[in-house]
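The values are calculated or read from the model by the stated rules, or taken from the named source; none is laboratory data. Quick caveat: nothing in here was measured; it's all calculated off a predicted structure. Quick reminder, even Gly has a Cβ in these numbers, built from the backbone with ideal geometry, and neighbours come from all protein chains shown.
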Amino acid sequence: MRDTSLPEPDAVRIAMWSGPRNLSTAMMRSFGNRADTAVVDEPLYAAYLRATGLDHPAREQILASQDDDWRVVTAALTGPVPGRRRIYYQKHMTHHLLPDMGRDWLGQVTNAFLIREPAGVVASYAKVRGTPTVQDLGFSQQVEIFRACADRSGQAPAVVDAADLLADPERVLRLLCQRLGVGFDPAMLSWPAGPRASDGVWAPHWYAAVQTSTGFARPAVAGTSPPVPEHLLDLLERCRPCYQELAAYRLGRA
């Protein structure tokens with residue numbers, strides 16, 4: 001295999017900010033299928049769990065698998081790229097970046113945002129883990145991080161809507177790669193089924209569908225989201241304005 005690494009100053013570090021149940025792992029698969037890309041799965045998860053004390057599935061395994069000091073983690077995210085690859089794709093959950101965690105490191109990575117219409121997120125999350133809160137879903141945190149990145153750079157970061165991605169994966173991925181400053185690679189459109197060594201230890205609790213996938217399923221194949229339970233309708237309405245703010249910047253919008 002040819003050497004796809006680049007000197008560190010030329011490496012592209014992509015921080016993709018998403019909430020849960022939002023094609024985030026499929027997007028990680030897409031970038032991870034590139035020969036020139038290293039990926040990391042939710043590197044701030046342990047730091048988030050340690051700081052909040054929350055009891056998530058596989059909590060103890062997560063704490064044992066990652067450093068729980070956000071300063072150490074972000075230093076690694078902005079340091080040497082694993083394997084001296086050209087691209088370092090970092091899959092982040094927005095709610096993992098707590099308010100007291102520093103934001104300066106965001107200026108050392110290329111930030112992008114993956115969004116999904118809240119009804120699908122709320123219904124999917126509730127099906128897997130009961131009754132979520134606004135904080136669990138990360139919509140408000142996503143807006144906060146988006147605004148901080150836009151203010152720092154003077155322009156809106158790239159935004160991908162999951163629905164657009166499913167409808168036309170190649171078109172949206174080409175647009176995303178263009179915005180990120182990397183060439184599009186057709187390898188991003190499909191990948192082998194199964195787990196990856198880069199998957200977090202929480203994968204058995206969350207990744208059943210993506211581990212059987214071989215690409216981005218089109219809407220007709222993926223099916224429709226389950227209905228939102230009545231007791232979560234208020235939560236849904238609280239999430240909508242956050243989604244709508246970022247959706248105004250989505251790539252390829254009409």
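Counting only helices (runs of 4 or more DSSP H) that sit completely within region 103-190, those holding 2 or more residues that are under 16 Å from LYS91 (Cβ atoms) correspond to 139-153, 162-167, 169-180. Reported count of residues in region 199-250, each being outside any helix (DSSP H, G or I), at pLDDT 90 or above and closer than 21 Å to PHE113 by Cα, is 8. Of the residues that make up region 24-40, is at least one buried (at least 21 other Cβ atoms within 10 Å of the Cβ), under 24 Å from LEU236 (Cβ atoms) and in contact with a Leu (Cβ under 8 Å, 6 or more places away or on another chain)? Yes, that holds for at least one residue. Among residues of region 82-101 being surrounded by fewer than 19 Cβ atoms within 10 Å (Cβ to Cβ) and out of contact with any helix residue (DSSP H, G or I) (no Cβ under 7 Å at 6 or more places or on another chain), the one that is nearest to ILE145 (Cα to Cα) is PRO99. Does region 156-168 include one or more residues that are surrounded by fewer than 18 Cβ atoms within 10 Å (Cβ to Cβ), at pLDDT 95 or above and touching a Phe, Trp or Tyr at 6+ places or on another chain (Cβ under 7 Å)? For region 156-168, residues surrounded by fewer than 18 Cβ atoms within 10 Å (Cβ to Cβ), at pLDDT 95 or above and touching a Phe, Trp or Tyr at 6+ places or on another chain (Cβ under 7 Å): present. Can we say VAL121 is aliphatic (A, V, I, L, M), in contact with a helix residue (DSSP H, G or I) (Cβ under 8 Å, 6 or more places away or on another chain) and either buried (at least 22 other Cβ atoms within 10 Å of the Cβ) or over 26 Å from VAL12 (Cβ atoms) (or both)? Here the answer is yes, as VAL121 does meet what is asked.
None of ALA187, ALA126 is crowded, with 18+ Cβ neighbours inside 10 Å, more than 29 Å from VAL72 (Cβ to Cβ) and more than 16 Å from the chain's Cα centre (by Cα) except ALA126. Pairing each residue of region 144-166 that is within 16 Å of MET16 (Cα to Cα) with any residue that is among the small types (Gly, Ala, Ser) and in a loop (DSSP other than H, G, I, E, B), provided the two are 6+ apart or on different chains, yields C-beta distances under 8 Å for PHE146/ALA156; ALA150/ALA156. The set of residues in region 40-97 that are over 13 Å from GLY200 (Cβ atoms), aromatic (Phe, Trp, Tyr) and not in a strand (DSSP E or B) contains only TRP70. The residue that is surrounded by the most Cβ atoms within 10 Å (Cβ to Cβ), among those in region 55-81 that are among the aliphatic types (A, V, I, L, M) and over 25 Å from ALA26 (Cβ atoms), is LEU63.
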